[in-house]
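What follows is a short report on a single structure.
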Amino acid sequence: QNKAQAREVEEDEKTQQQGKETAPIGTCQSMCPARELRDREAQSRLHRFEVLAGTERARLPRGDPSRAVKEYSRPAAGKDTTAPTNLRPPDVLLKTVHYLIDDIAASLHLHPWTEQVYSFVFDRLRGVKQDMIIQRVSGPRCVAILEPVVRFLIYASYRLCGEPLRRYDPCINETHLQENLSWLLDCYATGTGPHPNQEEFQALGLLYNLSARATQHILELPKRLRSSPAITLAVSINKAFLERNPVCLLRLAQRLSFLQSCALHRHLVACRRDLLLIYSHGYSSRNCRFPLNTLAQLLSLDTSLTAQLCQAYGLTVIQDNEVVFSKAAFTEAEQEKL
């Protein structure tokens, strides 16, 4: 018991000492430290987006200092990740994030988006986060970096949702999105502000995480924020989701912006399934016919996709563009078909 108490005291003192230590301050003024760039050149580990024009066909292509971006690297024994020369200060990190999203992710010429653009940007954003954590970046500078990162990850979750697992892992993307979003909302809660984009990201967080817990977070916000148009709409959609009212949810969703729709998108499969199940019970009759066009409007899908969705759940679509609902015929669809 005495040994255990001594160990606890020792751990407390160690924690306090770590808290007193000052965080390292980065001095690297480029998006990629010079040493890393040299090492990756020698090891032929440059991404094609980082290669200096004209050296692509060389045995060891050269890196372009204006395009090379620091890789994410896992912490390893004996590896010093806190050297100031390897860390980028917040203003360089912000510049890096804008380059990755504005010049790479948003480019109309770089492709394929999944294997090349997304994988490159995702990895380099992890490197940005790593530098932020080591330097304990906080306050407005932290918010400015996290906001575009969260936007990118939400958009990627929508754009790549149908890709095979070998190209895009939605669980990994969601894990990083939730971590960055949680960090951002904590910055809003603990910072002094002002945060002009807080309304946008509070609404995005609620739409992405429809739940009672997310509702509780919104209720703790200042009244000024709670009553803003974006958050009010998100709260109404969350309420419809919790009440299993898919018709109301899909109707409200038509008022969302593009990025808000991307945040909500992952819930629409379950929402549309609930709507078809409810209608399969409510209109279950051998002689009842439901117009396919009307159902398409309710589901916010075009007519051909609505017909495919009905067939995936075992419902019959006849040639007159009508659906035959039947609670006995309704079956759970295979995930691949959705």
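Before moving on, here are some points about what is shown:
- Where a residue in the stretch 200-224 is in contact (Cβ under 8 Å) with a residue 24 or more places away in the chain and its partner, wherever it lies, is among the hydroxyl-bearing types (Ser, Thr, Tyr) and assigned to a helix (DSSP H, G or I), with Cβ under 8 Å and at least six apart: 201/188; 202/188; 206/215
- The condition of being modelled with pLDDT under 95 and either of a type in the set (Phe, Trp, Tyr) or not in a loop (DSSP other than H, G, I, E, B) (or both) does not hold for residue 130.
- Among residues of the stretch 129-155 that are within 27 Å of residue 265 (Cβ to Cβ) and crowded, with 20+ Cβ neighbours inside 10 Å, those with a Cβ under 9 angstrom from a residue that is at pLDDT 95 or above and basic (Lys, Arg), sequence gap 6+ or separate chain, pair up as 145/129; 146/129; 149/129.
Yes/no per residue for (1) more than 12 Å from residue 28 (Cβ to Cβ); (2) modelled with pLDDT under 95; (3) aliphatic (A, V, I, L, M):
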position	(1), (2), (3)
58	yes, yes, yes
67	yes, no, no
73	yes, yes, no
88	no, no, no
101	yes, no, yes
104	yes, no, yes
109	yes, yes, no
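- Contact map, the stretch 30-59: first residue assigned to a loop (DSSP other than H, G, I, E, B), second residue among the β-branched types (Val, Ile, Thr), Cβ cut-off under 8 Å, separation 6 or more or different chains; pairs are 30/92; 31/69; 31/92; 31/96; 32/69; 33/85; 49/104; 50/69.
The values are calculated or read from the model by the stated rules, or taken from the named source; none is laboratory data. Bear in mind the structure is a predicted one, so any value in this text is a computation, not a measurement. Note: ideal-geometry Cβ built from the backbone for every residue, glycine included; neighbour counts use all protein chains shown.
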